[in-house]
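The values are calculated or read from the model by the stated rules, or taken from the named source; none is laboratory data. Since this is a predicted model, take the numbers as computed values, not measurements. Note that each Cβ is placed from the backbone with ideal geometry, even for glycine, and that neighbours are counted across all protein chains shown. Surface areas here come from the heavy atoms of the whole protein model, side chains and all, with no ligands, DNA or RNA. Shrake-Rupley method; radii C 1.70, N 1.55, O 1.52, S 1.80 Å.
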Amino acid sequence: MDVKNVKAAYFSPTGTTRAVVRAIVAGIAPDAGAGEPEFLDITLPGSRKKPLTVAEDDLLVIGVPVYMGRVPALLGDWLNAIRLRATPTVCVVVYGNRAYEDALLELKNMVAQRGGVPVACAAYVGEHSFSSAERPTAQGRPDKDDLEHAREFGRKIRAKMQSLSPAAQVPDVAVPGVLPYRKDSKLWDVDFIAVSDECTQCGACAEACPTGAIDPQDAARIDPVRCITCCACIKLCPQGARSMKPGPVLDASVRLNTLFRECCRPECFL
Ligand SMILES: Cc1cc2nc3c(=O)[nH]c(=O)nc-3n(C[C@H](O)[C@H](O)[C@H](O)COP(=O)(O)O)c2cc1C
């Protein structure tokens, strides 16, 4: 099977999933004469209003971060609205060096339920959302080696696609994980962000929030029910005006920094 068109969709509040997916797509590199890869960034709320559509000969790459060992629950509606047509699909999860538990299996199962054919799956490591300069966890990941690994994975996917004959059944790609999924994908409803006087109300945080949880008129007003604790607003604030208040998220960041110092390596399943 030739790789004619590559379409890639990712949810990536702090950019690590985006970097991994783009490196994989660079490795797949469609055949000469085919179109440029198409990227669909579904991080912002408006971008998840339209369902994903695929053409006959698309190869699809889907990337999501791991939240509580699961696919982020807020993507459920969008993922369940996808219509695939036996589309060969690469499933990618990116996790913060703790564990990805059932997330890769869940993503793979969702793709199969929507009519896709998982042809390759992978779990990569990204800097943890709760990581900071004071309490780093997987800081700087994906690093140079991770991204080279992802490009190489892309090249292997391409070789696998070329080795498949169009009529052949694609063998199941086995991935770690168990059913029923072990963890509840419900996140904390928590008011955990402190905003200092350095805040200039520039609005960058509200614009980048994947759930529209920050009031664009007042950056200190955050809806704790909508907030998914992704920490994008903390990481991107140009003034460094946002930080974690004492509480469960700060405690988790301390635990992660203490317990998960040993670097996990990418895992690929083809
Ligand atoms: C609510 C929440 C839950 C998370 N749960 C996990 C987890 O179970 N295991 C893990 O290793 N990392 C976990 N992470 C970290 C992210 O998976 C990781 O930082 C990922 O690289 C973020 O992707 P992004 O940069 O594309 O936003 C969690 C992050 C958040 C915000």
Spelling out what I want: for every residue of the stretch 221-233, take phi, set θ = phi - 60°, compute 6.51 cos²θ - 1.76 cosθ + 1.60 (Karplus), and round to whole Hz; glycine and proline get x. 8, 10, 7, x, 7, 6, 4, 9, 6, 6, 6, 4, 5
Per the C-alpha gyration tensor (a ≥ b ≥ c, the square roots of its eigenvalues), the chain is rounded if a/c is under 1.5, else prolate if a/b beats b/c, else oblate; here it's prolate
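Top to bottom by accessible area (1.4 Å), largest first, where do MET161, MET244, MET1 land?
On the way: MET161 5, MET244 30, MET1 60 Å².
Sorted by accessible area, descending: MET1, MET244, MET161.
First check a/c for the stretch 77-233, with a ≥ b ≥ c the square roots of the eigenvalues of its C-alpha gyration tensor; if it is under 1.5, answer rounded, and if not, answer prolate when a/b is larger than b/c or oblate otherwise.
Note, shape of the stretch 77-233 comes out prolate.
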Ignoring ligands, DNA and RNA, what accessible area per residue does the stretch 193-246 give at 1.4 Å, in Å²? 51
Relative contact order for the chain: what is it in percent, counting Cα pairs under 8 Å that are at least 6 residues apart? 22
How big is D, in µm² s⁻¹, for the stretch 193-246 by Stokes-Einstein at 25 °C and 0.890 mPa s if Rh is the Kirkwood radius over C-alpha pairs? 227
Pick out, from VAL225, ILE214, CYS237, the residue whose Cα sits farthest towards the positive end of the charge dipole of the stretch 193-246, with +1 on the Cβ of Lys and Arg and -1 on the Cβ of Asp and Glu. VAL225
Fraction of accessible area attributable to carbon and sulfur, the stretch 148-201 (%, probe 1.4 Å): 53
With +1 on the Cβ of every Lys and Arg and -1 on the Cβ of every Asp and Glu, and nothing else charged, how large is the dipole of the chain about its Cα centre, in debye rounded to the nearest 20? 420
Quotient of Cα Rg and 2.2 N^0.38 Å for the stretch 60-139, N being how many residues it contains: 1.17
Convert each backbone phi in the stretch 123-133 into a coupling constant with the Karplus relation 6.51 cos²θ - 1.76 cosθ + 1.60 (shift: θ = phi - 60°), then list the ³J(HN,Hα) values in order as whole Hz, x for Gly and Pro. 10, 10, 9, x, 3, 5, 3, 8, 6, 9, 4
Find which of GLY126, CYS199, TYR181 sits farthest along the positive direction of the dipole of the chain, computed with +1 on the beta-carbon of Lys and Arg, -1 on that of Asp and Glu, about the Cα centre. TYR181
Mind jotting down the distance between the C-alpha centroids of the stretch 218-256 and the stretch 1-60, whole Å? 29
Once you order the gyration tensor axes a ≥ b ≥ c over the Cα atoms, which shape class does the stretch 164-209 get: rounded for a/c under 1.5, otherwise prolate or oblate by comparing a/b with b/c? oblate
Give the range of the longest stretch in the chain that excludes all trypsin sites (Lys or Arg not before Pro) found in loop regions by DSSP and having at most 14 other beta-carbon atoms within 10 Å. 86-181
To the nearest 20 Debye, how big is the dipole of the stretch 193-246 about its Cα centre, given +1 on the beta carbon of each Lys and Arg and -1 on that of each Asp and Glu? 200
Charges on Cβ only, +1 for Lys and Arg, -1 for Asp and Glu, centred on the Cα centroid of the chain; of ALA9, PHE153, GLY140, which one is farthest towards the dipole's positive end? PHE153
